[in-house]
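Notes follow the structure.
The values are calculated or read from the model by the stated rules, or taken from the named source; none is laboratory data. Given the structure is predicted, the values throughout are model-derived calculations rather than measurements. Here the Cβ positions follow ideal geometry from the backbone for every residue, glycine too, while neighbour counts run over all protein chains shown. To get the accessible areas, we keep the full protein, side chains included, count just its heavy atoms, and leave off ligands, DNA and RNA. Shrake-Rupley method; radii C 1.70, N 1.55, O 1.52, S 1.80 Å.
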Amino acid sequence: MPTQSRLPFTSDVDRIPSCQRADICENAHPVAWLATPGGPAGERSICQWVQQGGPMKVTVDELQEHVGAEVTLSGWVVHNRPSGKVGFVIVRDGTGLCQCVVEKTRVSDDLFEALKHLGTESSLSITGTVRAEPRSPGGHELVVTDATILCPAVDYPITPKEHGVDFLLRHRHLHLRSQRAWCIGRVRHTVVDAIRRFFNDEGFILVDTPIFTTLAGEGEQTLFAVDYFGQPVHLAQTGQLYLEAAAMSHRKVYCFGPTFRAEKSKTRRHLAEFWMVEPEVAFIDLDGLLGLAERFVTAIIQAVLERNRSELQTLETDVPALERITPPFPRLTYSQAVDILRGERTARFLADELADLQRRLAKVETRIAQIEAEDARGGLKKWKQEKNAQELIALRRERIDLTAAIENNPKHAALAAEFTWGKDLGGSDETILSRMHDKPLFVTHYPKAAKAFYMKVDRAEERVVENFDLLAPAGFGEIIGGSMREDDYPRLAGRIDELGYNPEHYQWYLDLRRYGSVPHGGFGLGVERTVAWITGERHIRHCIAFPRMMDRLYL
RNA sequence: UCCCCGAUAGCUCAAUCGGUAGAGCGAGCGGCUGUUAACCGCUAGGUUGUAGGUUCGAGCCCUACUCGGGGAGCCA
């Protein structure tokens with residue numbers, strides 16, 4: 001683990017041939033540097049830092065093994081807090097955070113002065129003695145004896161105070177360095193690793209399906225058109241159809257990659273480009289698929305719980321809720337779900353929720369009025385004024401959220417109450433159902449008309465298909481969609497015909513039903529939605545390094 | 001495509017009835033021996049998203065547009 005998370009900085013530079021390295025040195029941004037006490041002052045480049053010797057270079061996650069020793073950390077300044085005779089520099093190095101204490105008596109005057117004026121996100125290597133210190137984030141601190149500033153950062157745009165969504169996305173390349181983005185990135189890494197591990201351990205064969213494709217999996221309206229040497233094709237919205245072909249070779253296969261949807265969705269659950277893993281299995285039935293999905297999701301949760309406790313803590317995730325995610329997951333058929341949505345229990349559930357929201361809004365309003373009255377009366381101490389201002393900002397933000405929720409609640413209630421059999425479940429319907437459970441919820445057997453052409457018609461009830469969605473609990477909504485695939489040639493060909501698709505595009509797909517067709521099925525899990533659910537992050541745009549959304553693609 | 005909300009200093013936000021723009025953070029300088037979103041003092045920083053309109057007077061009211069946020073539809 002530690003080796004994986006360690007920065008490749010030193011080794012990468014070392015790998016550059018020395019002739020090119022000289023070049024880099026010449027072109028390197030000259031930086032102010034600080035000599036060891038008594039040494040010469042001047043300018044140094046990053047390459048010279050790489051080449052220098054000195055105390056053992058360690059990373060923050062290794063500090064506990066070096067208590068009492070003098071070591072060198074390399075990283076970036078998270079926060080700098082100088083004062084007259086002692087300064088505190090919080091350094092992060094990609095593996096963790098460490099407080100570095102700069103005592104005036106222990107370092108040269110030049111170094112003390114330079115560190116005093118060092119801006120947030122400056123890069124440096126910093127040497128000192130390790131000691132246990134509960135007040136330091138991470139539990140260890142460095143008593144500084146020397147430091148080399150590699151690249152001072154002036155006016156770093158992201159400040160310790162809050163920022164808006166738009167600003168942070170515009171600065172996503174820098175925002176990735178923030179604590180929260182770092183934690184989510186590490187959880188995502190675990191999720192992706194757990195996904196691969198699960199399928200590999202279960203004997204699945206990885207098949208990489210094409211990105212450029214002529215086929216539509218779900219419907220032709222939601223695809224990104226691409227000019228492929230003059231031929232109109234589009235970016236894959238699923239690897240499934242290809243995967244079905246591969247499943248007839250390996251029996252159990254999966255694909256894992258980016259997928260593209262041109263849906264004009266502006267919600268916290270949608271991205272135009274997201275990562276999806278899709279298993280496909282020959283000789284399985286719907287029950288087998290549900291079991292597979294159940295074990296799969298449980299394995300992902302277990303891996304995160306094992307490896308990312310501290311990240312979950314920093315993210316303020318509800319860990320006990322994750323620990324409750326064990327098989328079996330509750331199961332409902334679509335028809336049962338419709339009854340629930342239209343039923344009294346749902347109406348009461350939503351009414352209770354509305355009442356609760358209104359109570360909370362009233363409380364917020366009262367508090368705002370209180371503070372405003374306090375401010376109007378005047379004569380407040382400066383710190384009190386400031387505290388009030390901060391609280392007002394938070395309260396007003398909460399008021400906006402609550403107002404939106406109160407406005408949406410009756411709309412969602414109406415959608416649920418007026419739900420008629422045959423429609424697909426909407427986002428709000430799924431949210432309601434999932435909010436009623438504290439485990440992921442399977443909903444199966446949707447109406448044929450609301451679902452994709454390839455789903456297998458239930459032979460016992462021909463108006464529905466053998467499919468399922470898995471809804472994450474606590475209102476997050478759908479993270480998996482899957483189905484048995486229609487394996488009967490005439491039925492599938494008929495469906496393609498009914499929907500008016502171009503049969504020529506589907507000849508190879510129909511071949512799979514011509515030659516040795518077998519019952520088979522699979523599902524797709526959205527990585528970002530899964531990460532958002534697990535971390536408690538409300539918007540999936542924070543669960544991918546560089547999100548692509550409708551009308552938004554900054555970098 | 002539709003519905004709701006928003007745009008004021010680098011950032012987050014104030015600005016009473018329509019009366020001529022203010023805080024905090026960040027930046028710069030100074031002070032402080034243990035801080036941890038430290039604290040204290042000083043300094044700089046604005047054509048209020050764009051274009052029109054109403055008015056003696058518009059950040060505030062009206063119209064259109066642009067950009068952004070939330071939601072519906074659609075979906076992982």
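Taking region A:192-221 as the search range and keeping residues that are hydrophobic (A, V, I, L, M, F, W, C) and modelled with pLDDT under 95, which one is farthest from RNA strand B (Cβ to nearest atom)? Break it down stepwise before answering.
First, the residues of region A:192-221 that are hydrophobic (A, V, I, L, M, F, W, C): A:192, A:194-195, A:198-199, A:204-207, A:211-212, A:215-216.
Then drop every residue that is not modelled with pLDDT under 95, which leaves A:211-212, A:215-216.
Details: A:ILE211: 16, A:PHE212: 19, A:LEU215: 14, A:ALA216: 11 Å.
Among residues in region A:192-221 that are hydrophobic (A, V, I, L, M, F, W, C) and modelled with pLDDT under 95, the one farthest from RNA strand B (Cβ to nearest atom) is A:PHE212.
When residues in region A:454-484 are screened for being of a type outside the set (Val, Ile, Thr) and more than 13 Å from RNA strand B (Cβ to nearest atom), 11 of them pass. For region A:438-454, a residue qualifies if it is touching a strand residue (DSSP E or B) at 6+ places or on another chain (Cβ under 7 Å), open to solvent by 20 Å² or more (accessible area, probe 1.4 Å) and either modelled with pLDDT of 95 or more or of a type in the set (A, V, I, L, M, F, W, C) (or both), and the qualifying residues are A:HIS445, A:ALA450.
Taken over region A:140-164, residues that are under 33 Å from the mean Cα position of the chain (by Cα), of a type in the set (Gly, Ala, Ser) and more than 11 Å from RNA strand B (Cβ to nearest atom) amount to 0.
Return a yes/no flag: does region A:388-411 have any residue that is on the phi > 0 side of the Ramachandran plot, within 11 Å of RNA strand B (Cβ to nearest atom) and open to solvent by less than 40 Å² (accessible area, probe 1.4 Å). The answer is no, given that none of the residues of region A:388-411 is on the phi > 0 side of the Ramachandran plot, within 11 Å of RNA strand B (Cβ to nearest atom) and open to solvent by less than 40 Å² (accessible area, probe 1.4 Å).
Among residues of region A:139-155 that are over 14 Å from A:LYS104 (Cα atoms), those with a Cβ under 6 angstrom from a residue that is at pLDDT 90 or above and polar (S, T, N, Q), sequence gap 6+ or separate chain, pair up as A:GLU141/A:GLN99; A:THR148/A:SER125; A:LEU150/A:SER123; A:CYS151/A:SER123; A:PRO152/A:SER122; A:ALA153/A:SER122.
Quick one: would you say A:GLY536 is within 15 Å of RNA strand B (Cβ to nearest atom) and open to solvent by 50 Å² or more (accessible area, probe 1.4 Å)? Criteria met by A:GLY536. Within region A:176-217, the set of residues being assigned to a helix (DSSP H, G or I), open to solvent by 30 Å² or more (accessible area, probe 1.4 Å) and closer than 22 Å to A:ILE90 by Cβ comprises A:GLN179, A:ARG180, A:TRP182, A:GLY185, A:ARG186.
So which helices (runs of 4 or more DSSP H) are wholly in region A:275-323 and hold at least 3 residues that are modelled with pLDDT of 95 or more and either in contact with a Lys or Arg (Cβ under 8 Å, 6 or more places away or on another chain) or among the aliphatic types (A, V, I, L, M) (or both)?
On the way: elements: A:286-307, A:309-314, A:319-323.
Qualifying helices (runs of 4 or more DSSP H): A:286-307.
Checking each residue in region A:512-555 for being of a type in the set (Gly, Ala, Ser) and touching a strand residue (DSSP E or B) at 6+ places or on another chain (Cβ under 8 Å) picks out A:GLY521, A:GLY522, A:GLY524, A:GLY526. Can you find a residue that is in contact (Cβ under 8 Å) with a residue 12 or more places away in the chain and among the polar types (S, T, N, Q) anywhere in region A:486-502? No: zero hits. Among residues belonging to region A:361-387 that are modelled with pLDDT of 80 or more, out of contact with any helix residue (DSSP H, G or I) (no Cβ under 8 Å at 6 or more places or on another chain) and not polar (S, T, N, Q), point out the one that is most open to solvent (accessible area, probe 1.4 Å). Across region A:361-387, the extreme among qualifying residues is A:LYS363.
For region A:225-242, name all the residues that are within 16 Å of RNA strand B (Cβ to nearest atom) and among the hydrophobic types (A, V, I, L, M, F, W, C).
Going residue by residue through region A:225-242, those that are within 16 Å of RNA strand B (Cβ to nearest atom) are A:225, A:234-242.
A:ALA225, A:LEU235, A:ALA236, A:LEU241 - these are the residues of region A:225-242 that are within 16 Å of RNA strand B (Cβ to nearest atom) and among the hydrophobic types (A, V, I, L, M, F, W, C).
For A:GLU528, state whether it is in a loop (DSSP other than H, G, I, E, B) and of a type in the set (D, E, K, R).
Numbers: in a loop (DSSP other than H, G, I, E, B): no; of a type in the set (D, E, K, R): yes.
No, not satisfied.
Answer yes or no: is there a residue in region A:243-252 that is modelled with pLDDT under 95 and among the hydroxyl-bearing types (Ser, Thr, Tyr). Within region A:243-252 (the criterion being modelled with pLDDT under 95 and among the hydroxyl-bearing types (Ser, Thr, Tyr)), the answer is no, since none of the residues qualifies.
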